[in-house]
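**Student:** Handing you a structure now.
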Amino acid sequence: MLFKKAKKQFVIENDATLAGAAFVVLPVPYEKTVSYGQGTRKGPAAIIAASPQVELWDEEVKAETWKKGIFTAAPVNCALPEAKFFPALENTVEGLLASTKAIPFFLGGEHSVTQALLPPFIRRYKNLSILHFDAHADLRASYTGSRHSHACALHPASRTNRVVQIGIRSVGHDERQFHNAGHVKTHLMHENLDFRKLERAILRELTDTVYLTIDVDGFDPSVMPGTGTPQPGGFRWHDALHLFKAVCARKRIVGVDVVETAPVRGSNITELAAAKLVYRLMGYLA
């Protein structure tokens with residue numbers, strides 16, 4: 001599916017092609033290890049369904065970003081067992097990067113999918129760094145018997161690549177040894193409420209080439225209530241967007257994932273906010 005200009009959505013016209021797109025959206029509705037609220041498997045479809053409510057003319061960037069070309073691919077098959085799913089997803093991403101120059105936007109699904117999304121980028125881009133926006137450090141080596149848990153999302157990449165974390169306000173006792181050690185720099189939320197100072201710090205700490213992984217629970221629950229493990233005291237909308245805009249302007253963003261949207265019955269707040277977030281980030285990059 002493509003972003004449908006007539007209906008103002010991520011889903012445009014059926015004759016649009018990946019070859020002519022500036023951005024490609026790949027839904028990854030994987031959910032196997034959630035530990036509290038459920039529903040992340042429904043997140044990608046909900047975001048795409050909400051996208052017609054996002055105006056094509058972006059009032060901040062003052063442009064119609066869709067004209068750059070946005071291609072939405074079919075959802076990844078997430079029915080495979082864990083041992084086969086992660087290598088299959090990694091191969092899918094590898095093939096995607098080989099077939100297009102479009103900037104990929106991956107819609108999760110639980111955050112564990114980032115473990116399979118990152119390796120092709122790490123192999124392709126030397127000195128890649130990762131900006132991790134989240135309420136949780138996600139640095140456990142394993143959790144409840146799985147090294148592919150959502151609580152381990154950043155652990156593998158952090159062993160080899162620079163990871164800069166923002167929004168963090170929940171660190172487990174078994175991951176605190178990693179959260180400011182080795183390649184990891186963690187900016188705990190309560191210690192970094194001066195966002196101008198935080199912006200200068202993350203721009204200094206990131207390399208020139210950046211992958212951006214966004215767990216929607218990095219936002220305050222008042223902004224993104226539909227997520228499996230919400231935490232109080234997160235980023236407000238404009239504060240987060242200001243930081244993302246600065247990073248997009250100063251760094252080369254080669255990939256983005258937006259994960260952990262779990263739709264709430266009777267509310268469209270989170271999926272609509274996530275759709276607008278994706279379109280806004282595309283606008284910054286366009």
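Since every read-out is calculated from the coordinates, none of them should be taken as a lab result. Computed from a predicted model, the values in this text were never measured in an experiment. Reconstructed Cβ throughout: ideal geometry from the backbone, glycine too, with neighbour counts over all protein chains shown.
**Student:** If you take every residue apart from residue 222 with its C-beta less than 14 Å away from the C-beta of residue 222, what net charge results, scoring Lys and Arg +1 and Asp and Glu -1? Before the final figure, lay out the partial values.
**Tutor:** Details: positive: 236; negative: 217, 220, 239.
Counting the neighbours of residue 222, the net charge comes to -2.
**Student:** Using +1 at the C-beta of Lys and Arg and -1 at the C-beta of Asp and Glu, which of 51, 71, 86 has the Cα lying farthest in the positive direction of the dipole of segment 40-89?
**Tutor:** The residue sitting most towards the positive pole is 86.
**Student:** Run the paramagnetic zone check for residue 252: 7 angstrom along Cα to Cβ, then residues of segment 108-147 with backbone nitrogen under 19 Å.
**Tutor:** 118-131
**Student:** Have a look at 21, 240, 198 and report the one farthest towards the positive end of the charge dipole of the chain, computed about the Cα centre with Cβ charges (Lys/Arg +1, Asp/Glu -1).
**Tutor:** 21
**Student:** Given a cut-off of 32 Å, name the pairs among 62/101; 32/62; 185/276; 62/251 whose C-alpha atoms lie farther apart than that in the structure shown.
**Tutor:** Working: 62/101 24 Å; 32/62 40 Å; 185/276 28 Å; 62/251 21 Å.
Among 62/101; 32/62; 185/276; 62/251, the Cα-Cα distance tops 32 Å for 32/62.
**Student:** Compute the distance in nm between two label points, each set 7 Å from the Cα along the Cα-to-Cβ direction, one at residue 265 and one at residue 180.
**Tutor:** 4.4 nm
**Student:** Whole number please: convex hull volume per residue of the Cα set in segment 20-110, in Å³?
**Tutor:** Values: hull volume 10.1 nm³, N = 91.
Once divided by residue count, the hull of segment 20-110 is 111 Å³.
**Student:** Given R₀ = 35 Å, what would the calculated FRET efficiency be for residue 197 paired with residue 45, taking r from the Cβ atoms and rounding to 0.05? Mind showing how you got there, number by number?
**Tutor:** Details: r = 39 Å, r/R0 = 1.11.
Step by step, r from the Cβ atoms, then E = 0.35.
**Student:** With a cut-off of at most 12 other beta carbons within 10 Å, and DSSP calling the residue loop, which trypsin sites (Lys or Arg not before Pro) in segment 41-84 qualify? Please list them. Walk me through the numbers on the way to the answer.
**Tutor:** On the way: sites: 41, 42, 62, 67, 68, 84; in loops: 62.
Loop-located and lightly packed - 62.
**Student:** Just how large is the dipole of segment 53-200 about the Cα centre, in debye to the nearest 20, putting +1 at every Lys and Arg Cβ and -1 at every Asp and Glu Cβ? Display every interim value, and only then the final one.
**Tutor:** On the way: 18 positive and 16 negative charges, 132 e Å.
Charge dipole of segment 53-200: 640 debye, to the nearest 20.
**Student:** Shifting gears a bit: Taking the Cα centre of the chain as the origin, how large is its charge dipole in debye, to the nearest 20, when only Lys and Arg (+1) and Asp and Glu (-1) carry charge on their Cβ atoms?
**Tutor:** On the way: 34 positive and 28 negative charges, 127 e Å.
It works out to roughly 620 debye.
**Student:** Show log10 I(q)/I(0) for segment 29-165 at q = 0.10, 0.11, 0.13 Å⁻¹, two decimals, from a solvent-free Debye sum over equal Cα scatterers.
**Tutor:** -0.38, -0.46, -0.65
**Student:** Can you list, bin by bin at 5 Å, the percent of alpha carbon pairs in the chain, starting at 0?
**Tutor:** 1, 6, 13, 18, 21, 19, 13, 6, 2, 0, 0
**Student:** Where both partners of a DSSP beta bridge lie in segment 160-286, what percent of those bridges are antiparallel, to the nearest 5?
**Tutor:** Details: 1 of 14 bridges.
Bridges in segment 160-286 that DSSP calls antiparallel: roughly 5 percent.
**Student:** How far, in nm, would the chain grow between residue 124 and residue 190 when pulled straight, counting 0.36 nm per residue and subtracting the alpha carbon separation? Each step should come with its number before you reach the end.
**Tutor:** Numbers: separation 66, 0.36 × 66 = 23.76 nm, distance 3.51 nm.
Additional length available on full extension: 20.2 nm.
**Student:** Restricting to segment 5-285, compute how many DSSP beta bridges are antiparallel as a %, nearest 5.
**Tutor:** On the way: 4 of 41 bridges.
In segment 5-285, DSSP labels about 10 percent of beta bridges as antiparallel.
**Student:** Viscosity 1.567 mPa s, temperature 4 °C: give me the Stokes-Einstein translational D for segment 160-203 in µm²/s, with Rh taken as the Kirkwood radius over C-alpha pairs.
**Tutor:** Working: Rh = 11.1 Å.
Value of D from the Cα-based Kirkwood radius: 117 µm²/s.
**Student:** Distance between the C-alpha centers of segment 235-257 and segment 174-197? Whole Å please.
**Tutor:** Segment 235-257 and segment 174-197 have Cα centres spaced 17 Å from each other.
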